[in-house]
Amino acid sequence: MKKDLQDLTVLYGRHACIAALQNPKRKIRRTLVTKNAQHKLQDILPANIEIVDDRTISKNLTPDAVHQGICVFAEPLNDGEPKIAELGNLVVLLDEVTDPHNIGAIMRSASAFGATAVITTFRNSPAEGGVLAKSASGALEYIAYGRVRNLVKYMAVLSENNFTLIGLDGEAETEISSAFTAKRYAEKYAIVLGAEGKGLRGITKENCDILAKISMSERQESLNVSNAAAISLWEAQKHLALAS
């Protein structure tokens, strides 16, 4: 890879790339497209593309990447601490979730259910990249992906700005369906999820306003974190719609 392209985010797959190309905040440096993909996407693609073969695109990606004939080199979006004023009334906080597939899937659900940001930690969480963007199916361009140095301190800032912090914990007594009505007059929510296996760290739990669980069959001990996020976001959206 050329030296001037080394610090860029390499996006691949049609949904991720088209969303990036259509995002005015995204600075695109290079777009590689196969002839087949160009034919299918000709009404969407910009003028300054490079027509290449599949192998040329694959050389820039991991062996298991499914690129669908398109690859975009772009400058990373700002992944710093999002401004509180831009957060709306629903966000997702991730406590050291490491898998970019899961984070991307959570971003997709967050976009679908009206959240404005997915915020995680610099430590033990990935920066934006092709895998995350592909799993997000374009949502990386629609909502903020922020990373903070200290999640607990950021939770305190959210709390000071009237966010109710709801942490997902399998041992909690409150059902997720009831969590959004547990605190009277609450209008803004942050859903807090931990990594699969270890869940939320103790200090993170201590700083949540409410701990909630998702009830399920005894046959299954837990859910994938992205599935848990989707259910929680759906419940949040229902409550916020009724409250508005």
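The values are calculated or read from the model by the stated rules, or taken from the named source; none is laboratory data. These numbers come from a predicted model, not from an experiment. Note that each Cβ is placed from the backbone with ideal geometry, even for glycine, and that neighbours are counted across all protein chains shown.
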Is there any pair linking a residue in region 57-74 that is within 18 Å of residue 23 (Cβ to Cβ) to one that is modelled with pLDDT under 95 and acidic (Asp, Glu), with Cβ under 7 Å and at least six apart or on different chains, and which? none
Among the residues of region 117-125, is any modelled with pLDDT under 95, in a loop (DSSP other than H, G, I, E, B) and touching a Leu at 6+ places or on another chain (Cβ under 7 Å)? yes
Scan region 215-232 and give yes if some residue there is over 19 Å from residue 114 (Cβ atoms), basic (Lys, Arg), surrounded by fewer than 16 Cβ atoms within 10 Å (Cβ to Cβ) and without any contact (Cβ under 8 Å) to a residue 60 or more places away in the chain, otherwise no. yes
Complete set of residues in region 146-196 that are of a type in the set (Gly, Ala, Ser) and within 20 Å of the chain's Cα centre (by Cα): 146, 167, 190, 194, 195
Output the helices (runs of 4 or more DSSP H) that fall wholly within region 126-208 and possess 3 or more residues being buried (at least 20 other Cβ atoms within 10 Å of the Cβ), in the same structural domain as residue 229 (by the TED database) and among the aliphatic types (A, V, I, L, M), or say none. 130-136, 151-160
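Yes or no, residue by residue, for (1) modelled with pLDDT of 95 or more; (2) assigned by the TED database to the domain that holds residue 194:
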position	(1), (2)
15	yes, no
47	no, no
70	yes, no
91	yes, yes
96	no, yes
102	yes, yes
